[in-house]
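Here the structure is laid out as structure tokens; the discussion comes afterwards.
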Amino acid sequence: MSITATTEKQNQQRMNQKQRTAKAGEVYAFYIEMLERYGACQILEADKESICYVLLDYLKEAPPEASILEELKPYHREAFRNHHHMVKSRIDPTPVPRDYRYIGQCGLKSDSKCGVYSWKWPAGEDYYYEERWRAFDEDARAAYKKYINSGDQVCVHGRMFRKNTGGLRDELYQCLTGEDTLDDFPCITYAEVQGYSKKLGKWLCTAPLLKTLRLKKAGVEALDLGNTSLDHIELDLDGIQRLILPGTIRSLSLYGEAHPELQIDDHFCSGKIDLYLSLRKALLHRFEMERLGIRVLGLSDVTELPMEQVPSRFPEVESLRITGKPGTVIHMEAVGRLQGLRSLYCKDLFGYSAEELEALEGLSELRELDFDSIPREAGLYLKKYWKRRLDRIGVSHLRNEGWMKENLENPLRHWDGNEFIPGAAYRSARKCYKDTRKQLSETADRDEIKEIVRRYTRHFNMLNERYDQFIETEEREDIFLAMQKLYEECVLHGECGQADEKAAPLTLSEIWDVMDEVRDNW
């Protein structure tokens with residue numbers, strides 16, 4: 001059979017899979033790959049605005065029979081801070097996923113009052129995390145529940161810490177010695193520290209609920225985590241030449257500069273994980289697994305990505321998420337080689353055409369497409385061809401050829417087209433950023449730099465007042481991060497250098513202080 005004929009057959013099969021519209025009272029089962037069992041949910045309410053569902057207390061190797069639906073009860077979470085918490089959520093009014101199995105209808109298990117919103121149908125995460133909790137040592141679970149809401153204090157070498165501390169952070173990490181244990185801190189579930197040490201290695205193996213590690217500046221060439229039971233690792237790769245993963249790992253996030261001879265040893269592992277890579281200081285070909293399959297692959301900070309590297313190294317990927325800096329994708333058509341691909345997310349990525357995206361038509365498992373800030377031609381093709389062919393499709397912020405050149409160095413580019421930010425406010429903010437960049441690049445005088453920062457901040461005060469207080473938490477972070485980029489490029493590494501060689505360099509903290517002095521209540 002020719003490739004064209006095969007594609008046409010796959011497209012016809014996809015079209016023949018009639019999308020089902022959810023109705024109140026219906027019960028659906030769905031397969032949870034992480035647990036190799038089926039879960040179930042019931043639709044409590046469905047209208048044009050949203051769908052409300054409740055998870056059902058069913059987790060078995062086969063879907064439920066219609067005959068037992070009336071017996072099923074709502075699913076409740078007990079893990080960590082939960083106390084008999086019913087799992088209900090509202091989602092967008094999208095069709096029932098094609099992988100869901102319709103079981104039947106029965107009386108509603110709960111009312112539809114729900115303040116929780118999610119962007120997707122349930123996939124089993126709630127079941128998974130509850131099952132993980134139940135697998136923990138019973139005494140460890142009891143101690144967590146006993147102290148999580150307590151006000152008790154623990155004295156560690158003369159310093160006081162809360163007994164219900166949830167994370168091992170640098171302040172506590174540095175205070176503890178190698179002779180200490182974490183027994184006095186039964187609520188610690190993660191470590192977020194700088195520098196690897198023998199004492200940290202000991203605690204990762206002995207603290208019963210400590211399953212997440214976020215490690216910066218490890219300071220070792222070989223990082224052996226093989227004997228731990230961590231399931232989530234977030235790691236700064238700088239200086240590391242060999243990384244040994246634990247067999248329990250479910251999610252791995254790597255950033256920083258990857259060593260040219262980096263080895264990732266996964267001989268303890270089996271199954272699939274979620275892998276997230278920052279390509280700001282690393283190339284994709286530095287990463288490869290021998291035993292682990294990759295279920296979700298997230299690539300961020302992309303400037304240029306040869307797409308053919310993805311299927312050659314991670315052929316089993318089911319969900320691919322790529323975010324540009326913005327960036328360019330070369331040979332986008334290679335995504336068609338990911339035969340198991342179910343969802344694809346791309347943001348701030350350019351350099352490809354509608355013709356290259358036609359390779360997606362041969363992916364029979366494809367369920368979701370989400371493209372944001374992409375070439376206009378490619379976006380129009382996605383909207384036209386894939387409408388009503390998938391469980392979910394989102395295409396937004398189509399950019400013309402000149403947009404990329406105009407916004408390459410603009411950290412506020414994602415404000416363009418944001419429904420919560422007026423277009424005039426974005427254009428004024430963009431001009432302010434460019435003007436501030438020019439001014440900072442032409443001076444090294446400390447007082448003048450501070451005055452430029454004041455003018456920058458006052459400009460956003462003015463915009464916020466003029467456009468109905470549009471600056472909220474996310475926008476505030478954007479404004480500060482944009483200034484950080486200006487500081488790093490124009491002040492810290494600028495060509496002007498220091499005006500006074502004897503004066504201490506202006507620090508980022510001083511920049512923040514100036515902004516905090518000037519900014520209004522945003």
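The values are calculated or read from the model by the stated rules, or taken from the named source; none is laboratory data. Since this is a predicted model, take the numbers as computed values, not measurements. Here the Cβ positions follow ideal geometry from the backbone for every residue, glycine too, while neighbour counts run over all protein chains shown. Each accessible area value is taken on the protein alone, full model and side chains, heavy atoms only, with ligands, DNA and RNA left out. Shrake-Rupley method; radii C 1.70, N 1.55, O 1.52, S 1.80 Å.
With every protein chain left in place, what is the accessible area per residue of segment 354-453 in square angstrom, probe 1.4 Å?
Using a 1.4 Å probe on heavy atoms only, each residue of segment 354-453 averages 49 Å².
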### Summary
Note to self: with every protein chain in place and a 1.4 Å probe, segment 82-127 gives an accessible area per residue in Å² of 55
#### Entry: Length released on extending from residue 467 to residue 50, taking residue separation times 0.36 nm less the Cα-Cα span
147.1 nm
### Message
Suppose each label sits 7 Å from its Cα in the direction of the beta carbon; what would the residue 160-residue 492 distance come out to in nanometres?
### Response
3.6
### Query
Can you pick out the pairs among 120/384; 73/387; 347/431 whose Cα atoms lie more than 29 Å from each other?
73/387
### Task
For segment 133-144, take each phi angle, set θ = phi - 60°, evaluate the Karplus expression 6.51 cos²θ - 1.76 cosθ + 1.60, and give the result in whole Hz per residue in order, putting x for glycine and proline.
4, 5, 7, 5, 4, 4, 5, 5, 5, 5, 5, 4
### Dipole axis of the chain (+1 Lys, Arg; -1 Asp, Glu on Cβ), positive-most option in 440, 235, 35
35
### Task
Would you kindly derive the ³J(HN,Hα) couplings of segment 228-238 from the backbone phi angles with the Karplus curve 6.51 cos²θ - 1.76 cosθ + 1.60 (θ = phi - 60°), listing them in order in whole Hz, with x for Gly and Pro?
8, 10, 5, 10, 9, 10, 10, 9, 7, 7, 3
### Task
State the extension gain, in nm to one decimal, for the chain segment bounded by residue 253 and residue 313, taking 0.36 nm per residue of separation less the distance between their alpha-carbons.
19.9 nm
## Note on the structure
For residue 104, the residues 5 or more places away or on another chain with a placed amide H closer than 5 Å to its own amide H are 27
### Within the accessible area of the chain (1.4 Å probe), percent carbon and sulfur
45
### Query
residue 36 to residue 76: FRET efficiency via 1/(1 + (r/R0)^6), r the Cβ-Cβ distance, R0 25 Å, to the nearest 0.05?
0.65
### Message
Quick check: the distance between the Cα centres of segment 79-144 and segment 381-457, to the nearest angstrom?
### Response
38
### Set of lysines with alpha-carbon distance to residue 438 below 19 Å, sequence-local pairs under 8 removed
405, 450, 485
### Summary
Residue span residue 189 to residue 242: 0.36 nm per residue of separation minus Cα-Cα distance leaves a gain in nm of 16.5 nm
#### Entry: Whole-Å semi-axes of segment 197-292's equivalent ellipsoid (Cα gyration tensor)
20, 16, 12
### Query
Can you list residues whose amide H is under 5 Å from residue 169's amide H, if they're 5+ apart or on another chain and H is modeled 1.01 Å from N?
192
### Query
When P(r) over Cα pairs in 20 Å bins from 0, in percent is calculated directly from the model, which label among (i) 18, 42, 27, 11, 2, 0; (ii) 21, 51, 25, 4, 0; (iii) 18, 47, 33, 2, 0 fits?
(iii)
### Message
How far apart, in nanometres, would the label points at residue 290 and residue 221 be if each is projected 7 angstrom from Cα along the Cα-to-Cβ direction?
### Response
2.0
### FRET efficiency, 1/(1 + (r/R0)^6) with R0 22 Å, evaluated for residue 441 and residue 513 via beta carbons
0.50
### Task
Would you mind working out the accessible area per residue for segment 198-300, using a 1.4 Å probe, and quoting it in Å²?
43
### Task
Collect residues whose amide H, placed 1.01 Å from N in the peptide plane, falls under 5 Å from the amide H of residue 300; neighbours closer than 5 in sequence don't count.
277, 278, 279, 323
